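The values are calculated or read from the model by the stated rules, or taken from the named source; none is laboratory data. Just so it is clear, the model here is predicted, and its values are computed rather than measured. Virtual Cβ from ideal backbone geometry, glycine too; neighbours counted across all protein chains shown. We work out accessible area using only protein heavy atoms, side chains counted, and drop any ligands, DNA or RNA first. Shrake-Rupley method; radii C 1.70, N 1.55, O 1.52, S 1.80 Å.
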Amino acid sequence: EDKVVQSPLSLVVHEGDTVTLNCSYEVTNFRSLLWYKQEKKAPTFLFMLTSSGIEKKSGRLSSILDKKELFSILNITATQTGDSAVYLCAVGSTDSWGKLQFGAGTQVVVTP
Amino acid sequence: EAQVTQNPRYLITVTGKKLTVTCSQNMNHEYMSWYRQDPGLGLRQIYYSMNVEVTDKGDVPEGYKVSRKEKRNFPLILESPSPNQTSLYFCASGNSQGALAFFGQGTRLTVV
């Protein structure tokens with residue numbers, strides 16, 4: 001059975017700190033890994049990763065995929081209170097192109 | 001503005017009374033999907049569609065129906081709602097690469 005595990009479950013940091021979130025997966029015929037940010041409402045799309053070792057970057061957020069060790073990392077540098085959210089990871093397989101399985105998420109709280 | 005629109009945003013209904021939650025996107029996306037989100041269980045996929053007249057089951061399809069008669073619309077139908085379908089529902093759309101890039105604002109459904 002496919003599995004997506006995120007760690008830690010939650011963390012609290014101070015503004016300015018760097019945060020590293022982990023997403024491990026077990027899925028047959030991996031296709032892609034996606035990261036989302038969910039504040040009070042709907043998830044918003046951050047990154048899609050398909051190739052190992054290629055960093056995706058957007059402002060203070062960056063992410064990288066390791067297909068050999070089956071995990072991805074999302075980094076947030078110089079955190080701000082607006083980064084407080086649940087960060088979700090989702091994994092897709094080529095077995096069923098439209099199936100996208102989400103992890104439970106990591107809750108990040110950034111304190112002033 | 002690119003968006004996914006769900007209606008209604010909130011709904012309280014009684015057991016057994018058929019209901020439909022509409023979902024519409026204005027980005028000409030082939031890929032659309034429905035998820036439910038429950039505390040402790042995360043986002044679970046109900047159904048997805050890769051194009052018009054092409055739909056498939058996700059991880060929790062029991063008690064739900066969908067249709068995809070037009071590209072922009074992907075309604076979720078509960079023929080006989082039960083209290084265990086009380087949840088927060090999200091519709092999402094994305095490109096044929098399998099990235100669900102846009103989520104609707106969610107429908108909070110309560111079945112009593």
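A few comments on the model shown:
- Unique match (being touching a residue at least 24 places away in the same chain (Cβ under 8 Å), over 25 Å from residue A:93 (Cα atoms) and open to solvent by 30 Å² or more (accessible area, probe 1.4 Å)) among B:107, B:20: B:20
- Remark: pairs (first residue in the stretch A:36-56, more than 9 Å from chain B (Cβ to nearest Cβ) and without any contact (Cβ under 8 Å) to a residue 60 or more places away in the chain; second residue aromatic (Phe, Trp, Tyr) and surrounded by fewer than 17 Cβ atoms within 10 Å (Cβ to Cβ); Cβ separation under 6 Å; 6+ apart in sequence or on different chains) are absent.
- Of everything listed in (1) more than 12 Å from every other protein chain (Cβ to nearest Cβ); (2) open to solvent by less than 40 Å² (accessible area, probe 1.4 Å); (3) among the β-branched types (Val, Ile, Thr); (4) under 10 Å from the mean Cα position of the chain (by Cα), the single unmet condition for residue A:13 is (4).
- Taking the conditions (1) away from chain B (no Cβ under 13 Å); (2) in a loop (DSSP other than H, G, I, E, B); (3) open to solvent by less than 60 Å² (accessible area, probe 1.4 Å) in turn, residue A:74 satisfies each one other than (2).
- Options A:63, A:52: the member that is assigned to a loop (DSSP other than H, G, I, E, B) and in contact with a Leu (Cβ under 7 Å, 6 or more places away or on another chain): A:52
- Among all residues of the stretch A:26-39, there is at least one that is closer than 22 Å to residue B:106 by Cβ and open to solvent by 60 Å² or more (accessible area, probe 1.4 Å).
- Residue in the stretch A:94-112 that is in contact with a helix residue (DSSP H, G or I) (Cβ under 7 Å, 6 or more places away or on another chain) and over 26 Å from residue B:41 (Cα atoms) present: yes
For every residue, the table says whether it meets (1) polar (S, T, N, Q); (2) closer than 26 Å to residue B:58 by Cα.
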position: A:52; (1), (2): yes, no
position: A:56; (1), (2): no, no
position: A:64; (1), (2): no, no
position: A:68; (1), (2): no, no
position: A:71; (1), (2): no, yes
position: A:77; (1), (2): yes, no
position: A:80; (1), (2): yes, no
position: A:91; (1), (2): no, yes
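- Residue that is farthest from the other protein chains (Cβ to nearest Cβ), among those in the stretch A:83-112 that are assigned to a loop (DSSP other than H, G, I, E, B) and open to solvent by 10 Å² or more (accessible area, probe 1.4 Å): A:112
- Any hit, the stretch B:42-50, residues being of a type outside the set (Lys, Arg) and surrounded by fewer than 14 Cβ atoms within 10 Å (Cβ to Cβ): no
- Given (1) assigned to a strand (DSSP E or B); (2) surrounded by 13 or more Cβ atoms within 10 Å (Cβ to Cβ); (3) not aliphatic (A, V, I, L, M), number of the condition residue A:79 does not satisfy: (1)
- Some residue of the stretch B:60-76 being surrounded by 21 or more Cβ atoms within 10 Å (Cβ to Cβ) and away from chain A (no Cβ under 14 Å): yes
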